[in-house]
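Structure first, then comments.
The values are calculated or read from the model by the stated rules, or taken from the named source; none is laboratory data. Please read all numbers here as calculations on a predicted model, not as lab measurements. Using ideal geometry, Cβ is built from the backbone for each residue, glycine included, and neighbour counts are taken over all protein chains shown. What goes into the accessible areas is simple: the full protein's heavy atoms, side chains included, and nothing from ligands, DNA or RNA. Shrake-Rupley method; radii C 1.70, N 1.55, O 1.52, S 1.80 Å.
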Amino acid sequence: MDKPQQTQELPRAGLGFRLLAMFYDSLLLFSALLIATALALLVTRGTLHYHNPFFRTFLFLICFGFYSWFWLHGGQTLGMRAWRLRVQRLDGGPITIWQALLRFLAAIVSLACAGLGFLWMLVDRKRMTWHDRFSETVIVRLPKR
């Protein structure tokens with residue numbers, strides 16, 4: 001794996017690139033959720049109810065597993081890779097599982113507040129979202145190879 005680069009060397013990712021990566025990732029995540037739902041329907045023999053708390057927890061864990069696996073293994077989801085973005089600690093190193101959890105949960109809040117947590121980066125001097133600040137991570141734009 002490449003040596004982590006300091007955030008001073010790499011520019012912070014803008015909102016447009018983040019949204020594009022999120023769109024790509026949403027397509028992949030939706031596919032994973034469809035497969036997980038199909039498996040749950042097989043296990044329950046078609047008697048699955050969406051409001052079942054176990055099913056909702058299962059889907060929540062699928063979502064967290066999707067993002068955390070990519071973030072912990074290279075710092076990039078497939079959407080982030082397509083747009084040359086990487087999530088990393090403020091010092092440039094790879095994020096920890098706890099930072100991934102904090103980032104994931106805070107991103108839900110950022111979206112739930114009508115996206116204000118994401119839009120915050122437009123007025124923040126360091127171009128950080130709420131979940132960047134809360135998890136002490138940042139998304140940087142990688143140079144072309």
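Tell me, Kirkwood radius of region 20-78 from alpha-carbon pair distances, in Å?
That comes to 12.4 Å for region 20-78.
Give the average over all directions of the projected area of the C-alpha convex hull of the chain, one decimal, in nm².
Orientation-averaged projected area of the Cα hull: 9.4 nm².
Restricting to DSSP loop positions (anything but H, G, I, E, B) with no more than 11 other Cβ atoms inside 10 Å of their own Cβ, which trypsin sites (Lys or Arg not before Pro) remain in region 17-99?
45
Compute the FRET efficiency between residue 97 and residue 59 as 1/(1 + (r/R0)^6), taking r as their Cβ-Cβ distance and R0 = 25 Å, and round to the nearest 0.05.
Computed FRET efficiency for residue 97 and residue 59: 0.80.
Express in Å², to the nearest 10, the accessible area of residue 95 obtained by rolling a 1.4 Å probe over the protein heavy atoms while all chains stay in place.
Residue 95 has an accessible surface of roughly 10 Å² with all protein chains in place.
Please give the per residue accessible area of the chain, computed with a probe of 1.4 Å over protein heavy atoms only, in Å².
On a per-residue basis, 63 Å².
Could you tell me what percent of the accessible area of region 28-133 is made up of carbon and sulfur, with a 1.4 Å probe and every protein chain present?
73
Kindly provide the helix-only [θ] at 222 nm of the chain, computed as the sum of -39,500 (n - 2.57) over DSSP H runs of four or more divided by all residues, to the nearest 500 deg cm²/dmol?
When only DSSP H runs of four or more count, the value is -17500 deg cm²/dmol.
Count neighbours as other Cβ atoms within 10 Å of each site's Cβ, and list the chymotrypsin sites (Phe, Trp or Tyr not before Pro) in region 63-139 that are DSSP loop with at most 12 such neighbours.
Here no chymotrypsin sites (Phe, Trp or Tyr not before Pro) fit, given the DSSP loop and packing criteria.
Report the one residue of 130, 61, 108 whose Cα lies farthest in the direction of the positive end of the charge dipole of the chain (charges on C-beta: Lys and Arg +1, Asp and Glu -1; origin at the Cα centre).
About the Cα centre, the residue reaching furthest to the positive side is 130.
For residue 92, which sequence-distant residues (separation of 5 or more, or a different chain) have an amide H within less than 5 Å of its own amide H, given hydrogens modelled in the peptide plane?
Long-range HN contacts for residue 92: 7.
For the chain, with only Lys/Arg (+1) and Asp/Glu (-1) charged at the beta-carbon, what is the dipole magnitude about the Cα centre, in debye rounded to 20?
Dipole about the Cα centre, nearest 20: 320 debye.
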